[in-house]
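Here the structure is laid out as structure tokens; the discussion comes afterwards.
The values are calculated or read from the model by the stated rules, or taken from the named source; none is laboratory data. Source: prediction; values computed, not measured. Methodologically, a virtual Cβ is constructed for each residue, glycine included, from the backbone with ideal geometry; neighbour enumeration extends over all protein chains shown. Areas reflect the complete protein model, heavy atoms only, side chains present, ligands, DNA and RNA absent. Shrake-Rupley method; radii C 1.70, N 1.55, O 1.52, S 1.80 Å.
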Amino acid sequence: MKGDNLNIPRHVAVIMDGNGRWAKKRFMPRTFGHNAGMNTMIAMARTAKKMGVEYLTVYALSTENLSRPQEGLEGLYNLFRKYFTKNVKDLYAEGAAVKVIGDIAALPADVQELIKDGVKNSPADACFFVILALNYGARAEITRAVNMAISRGEPLSEGDVGDLLYTSGIPDPDFIIRTGGEYRLSNFLLWQAAYSELYFTDVLFPDFNEREFKKAIENYSKRNRRFGKI
Ligand code: IPE
Ligand code: IPE
Ligand code: MG
């Protein structure tokens, strides 16, 4: 697949939206959609790695999502529990590491511990990174950086600001995909997306299979990124 002569983005970030609607269409509870979405996410990580992507960031929980009804949040926490006990092991075995961006302190204590272990136990020599955005909000991330900068008390360069973000050390996303038919960023990677290519699809995330992912990468591959130059 790597040899398809495509220009592969080094870092792909995905706003995995449309899971609740996918379930609703099937007369099922929203949690059913989130479960299906997690399976799609796991498959997508395999496809991304196989195609030569190095970083895959997935928006799994926004700061705003935290004000959703508790029942739905519990369903998501159970998915995180499952991911960080079982699924991460498969990732490690495939030479991949997991990273997390966001303020996990607001999550249940046991989930926080599982996340920390999941990050800590990742292989040191990984060539592929799955970055989970959990209780992530770009405005909270930037505000946090501003506060750290104030306490430092010195003028900062753009690079210094980048180093104060959760994504420090991670290259900016080349390509941001949003599934689920909405045309917005919903507080995702606002600083890092300055020159990202954007792709919006009506496909609901659980249906965003290997074929759809490949279609998106093919679309990216045809783009001309000028970065303000001519
Ligand atoms: C996005 O799916 C994933 C999370 C917010 C956890 P939604 O839950 O927003 O699904 P829709 O957009 O309501 O269909
Ligand atoms: C964005 O989806 C957040 C995640 C995919 C985790 P939302 O469903 O929360 O976004 P809005 O509310 O439609 O903007
Ligand atoms: Mg949504």
Mind running the shape call on the stretch 89-136? Use the C-alpha gyration tensor, a ≥ b ≥ c as the square roots of the eigenvalues: rounded below 1.5 for a/c, prolate if a/b tops b/c, oblate otherwise.
prolate
Within 10 Å, count the other beta carbons around each residue, average over each peptide in 55-61, 186-192, and list them highest first.
55-61, 186-192
So which of Lys49/Lys89; Lys50/Lys120; Lys50/Lys82; Lys82/Lys215; Lys24/Lys214 end up more than 19 Å apart, counting from Cα to Cα?
Lys50/Lys120; Lys50/Lys82; Lys82/Lys215; Lys24/Lys214
Leaving ligands, DNA and RNA out of it, work out the accessible area of Ser196 with a 1.4 Å probe and give it in Å² to the nearest 10.
20 Å²
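Between Val146 and Glu182, what length comes free when the chain is fully extended (0.36 nm per residue of separation minus the Cα-Cα distance, one decimal in nm)? Mind dumping the intermediate values first?
Details: separation 36, 0.36 × 36 = 12.96 nm, distance 2.97 nm.
Between Val146 and Glu182, full extension yields an extra 10.0 nm.
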Length-normalised contact order for the stretch 11-221 - Cα pairs under 8 Å, 6+ apart - percent
31 percent
If Lys and Arg each add +1 and Asp and Glu each add -1, what is the summed charge of the other residues whose beta carbon sits under 13 Å from the beta carbon of Ala45?
0
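Determine, for each peptide in 12-22, 162-172, the mean count of other beta carbons within 10 angstrom over its residues, then list the peptides with the highest first. Don't skip to the answer; put the middle values down first.
Values: 12-22: 23.5, 162-172: 16.0.
Top to bottom by mean Cβ count within 10 Å: 12-22, 162-172.
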Using a 10 Å cut-off on Cβ atoms, rank the peptides 102-110, 43-51 from the highest mean neighbour count down.
43-51, 102-110
Report Lys116's accessible area, 1.4 Å probe, all protein chains in place, as a number in Å² to the nearest 10.
100 Å²
Taking the alpha-carbon centroid of each part, what is the distance from the stretch 125-153 to the stretch 204-225 in angstrom?
26 Å
Using a 1.4 angstrom probe with every protein chain in place, what is the largest-first accessible-area order of Thr143, Thr40, Thr31?
Thr143, Thr31, Thr40
Shape of the chain, Cα gyration tensor, a/c cut at 1.5:
rounded
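Quick check on the chain: helices-only [θ] at 222 nm, where DSSP H runs of length 4 and up contribute -39,500 (n - 2.57) each and the sum goes over total residues. Nearest 500, please.
Values: 8 runs with 93 residues, N = 230.
Computed mean residue ellipticity for the chain: -12500 deg cm²/dmol.
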Give the residue from Ala124, Leu165, Phe175 lying farthest towards the positive end of the charge dipole for the stretch 102-230; charges sit on Cβ (+1 for Lys and Arg, -1 for Asp and Glu) and the dipole is referred to the Cα centre.
Phe175
So, over other residues within a Cβ distance under 14 Å of Arg225, counting Lys, Arg +1 and Asp, Glu -1, the net charge is +2
Taking 0.36 nm per intervening residue step and subtracting the Cα-Cα distance, what contour gain separates Asp163 from Lys222 on full extension?
18.2 nm
